[in-house]
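One structure is given below, encoded as C-alpha cells.
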Amino acid sequence: MGKIRQITLARRPVGIPQADDFRLIESERPVPGEGEFLVAMRVGSVDPAIRGFLDDRPSYVDPVAIGEPIKGMSLGEVVESRHDNYPVGTFVRAFAHWSDHYVLAGDAWGLEKVHPHPGTELHHYMGALGPVGLTAWVGLFAVGEAKPGETVVISAAAGATGSTVGQIAKASGCKVIGLVGSPEKAQVIRDLGYDAAIDYRATPDIAAEVAKAAPEGIDVYFDNVGGETLEALLPLMRLHGRVAVCGMIGQYNDADHPHGVKTLWQLVVNRIKMQGFITYDYPDVLERAQNELDTWVEDGELKPLANVREGFEKLPEAFIDLMSGTTIGKTLVRI
Ligand SMILES: NC(=O)c1ccc[n+]([C@@H]2O[C@H](COP(=O)([O-])OP(=O)(O)OC[C@H]3O[C@@H](n4cnc5c(N)ncnc54)[C@H](OP(=O)(O)O)[C@@H]3O)[C@@H](O)[C@H]2O)c1
C-alpha cells in the first residue's frame, strides 16, 4: 500500500493566491480497478486556468471543493496497470490533480500517450511540445486563421502560450508584435525574434504604441489577457480581422469585477471575428499541429521557453508566482 502526497485547497483564494490557500497532505495510495492504471506524476503543469477552478463559480470544469486536491494537467509514468493499452512504463499526459500518484481510466479527459525522444527533456512535453504548443497552434491557425504576411499581436507574449505563438507565427511568415509587462520580458521576446516588443506597463497608451509598430493594423490578435488590453486593441483591427480568445488572465484574480470592454462596436465596423476556444475542442487538427511543432523545434525555429522547479511540494509556490505575473515561459514542476 503506502502513502501518496497531495496538495489540496485549504481555503478559496482572494486575489492573488497565498501559500495558506493550499495544504500538503498524505493519503492512502489508491489502487487501480479493472480498466484503470496508477500514474506517478513526473511533470506537473502550472496553469492560469487553475485559478478559475479555485473560485466557487461555474466554469468548464467544476470548482475544486475545499479539502480536495487541486485539479490540473500533468505528465506521468504508469507504475501499476490493469489496462492493456497503458502498460507499466507508458508516459501519459492527462487532466488529473495535484497528487504525486493518481489513478486514471482509459477515457480520462485529455489523456494522450507521450513518446519522449531521447535527448529532449521530458518537461517540454508538458510545454511547447505538449498542451502549450497545441494551444498556440489551435489559437493561431484554427481560430485566428493567420496567414503569411499578416500582422499578429499577442498579449502575455513572454508567457507559456504567448512565447510559443510568437515563434510559430514568425516561422509561418507573419509580422509579430508582443505585449509584455516588464523590460526583461521585452528583451526575452526580442531575442526570440519578435518584430516589436511593447512593455504595456511603461506606456500610458497601449493603442498608440501598437499603432506605431503596426500602422497597417492587426490581422490577428491572440488574446491571453482580456480587459483593458482587448479594449485598446479592438479599434486597431483590420477589416475581417480575427481575435482568438485564448484566455483572460488579467481578470482571473478578481473575477467578481471584470473590466467592461467598451469598444465591442468595432466587431461590426470591421467585421471582426472574435472567438473563444479550448484546445481539445479541435481533435482533428492536433496530429498536424504536433507534427509541425516537432519540426519547428527540430529546426530550431521554436525554442521551448520554461521555468522549472524541482519537487512536488513546489506546485503552490510556482502557481503563486505564475498568478503574480513574474514568470517567463511555461511554469512547470518536475517530480
Ligand atoms: N483556451 C485554452 O485552451 C487555453 C489553454 C492554455 C492557456 N490558456 C490561457 O492562455 C493565457 C496564458 O496562459 P499561459 O499558461 O500561457 O500562462 P502565461 O502567459 O505564462 O501566464 C502568465 C503571464 O500572464 C500575464 N498577465 C497579465 N495579466 C496578469 C494578471 N492580472 N495576473 C497575472 N498574470 C498576468 C503576465 O505576463 P505580462 O507581465 O507580460 O502581462 C504573466 O507573466 C491564460 O489566459 C490562460 O487561461 C487557454
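The values are calculated or read from the model by the stated rules, or taken from the named source; none is laboratory data. As the structure is a computational prediction, the values presented were derived from the model and not from experiment. Backbone-built Cβ (ideal geometry, glycine too); neighbour counts: all protein chains shown.
Considered as a group, the residues in the stretch 193-212 that are surrounded by fewer than 19 Cβ atoms within 10 Å (Cβ to Cβ) and assigned to a helix (DSSP H, G or I) include one that is nearest to the chain's Cα centre (by Cα), and that residue is 201.
Can you spot a residue in the stretch 223-236 that is closer than 20 Å to residue 170 by Cβ, within 16 Å of the ligand (Cβ to nearest atom) and touching a Cys at 6+ places or on another chain (Cβ under 8 Å)? Yes.
Applying a threshold of 6 Å to beta carbon distances and a minimum spacing of six or more residues, or different chains, the list of pairs starting in the stretch 176-203 at a residue that is closer than 17 Å to residue 140 by Cβ and ending at one that is charged (D, E, K, R) and part of a helix (DSSP H, G or I) reads 176/170; 193/170.
The criterion of being free of Cβ contacts under 8 Å to residues at least 12 places away in the same chain and more than 30 Å from residue 75 (Cβ to Cβ) holds for residue 269. Residues in the stretch 45-94 that are of a type in the set (D, E, K, R) and either without any contact (Cβ under 8 Å) to a residue 12 or more places away in the chain or part of a loop (DSSP other than H, G, I, E, B) (or both): 47, 55, 56, 57, 62, 68, 82, 84.
Anything in the stretch 213-231 that is within 22 Å of residue 257 (Cα to Cα) and part of a loop (DSSP other than H, G, I, E, B)? List them, or say none. Quick ask: steps written out before the conclusion?
Initial filter on the stretch 213-231 (within 22 Å of residue 257 (Cα to Cα)): 223-231.
Scanning the stretch 213-231 gives 224, 225, 226.
Screening residue 291 on (1) among the polar types (S, T, N, Q); (2) in contact with a Pro (Cβ under 9 Å, 6 or more places away or on another chain); (3) without any contact (Cβ under 8 Å) to a residue 12 or more places away in the chain shows it passes everything except condition (2). If you go through the stretch 111-122 one residue at a time, do you hit one that is in contact (Cβ under 8 Å) with a residue 12 or more places away in the chain and within 17 Å of residue 70 (Cβ to Cβ)? No: the stretch 111-122 contains no residue that is in contact (Cβ under 8 Å) with a residue 12 or more places away in the chain and within 17 Å of residue 70 (Cβ to Cβ). For the stretch 118-137, the condition of being farther than 25 Å from residue 309 by Cβ, at pLDDT 95 or above and either in a helix (DSSP H, G or I) or touching a strand residue (DSSP E or B) at 6+ places or on another chain (Cβ under 6 Å) (or both) holds for at least one residue. Scanning for something under 28 Å from residue 191 (Cβ atoms), within 16 Å of the ligand (Cβ to nearest atom), of a type in the set (Gly, Ala, Ser) and outside any strand (DSSP E or B), does the stretch 242-260 turn up at least one residue? So far as the stretch 242-260 goes, yes, one or more of its residues are under 28 Å from residue 191 (Cβ atoms), within 16 Å of the ligand (Cβ to nearest atom), of a type in the set (Gly, Ala, Ser) and outside any strand (DSSP E or B).
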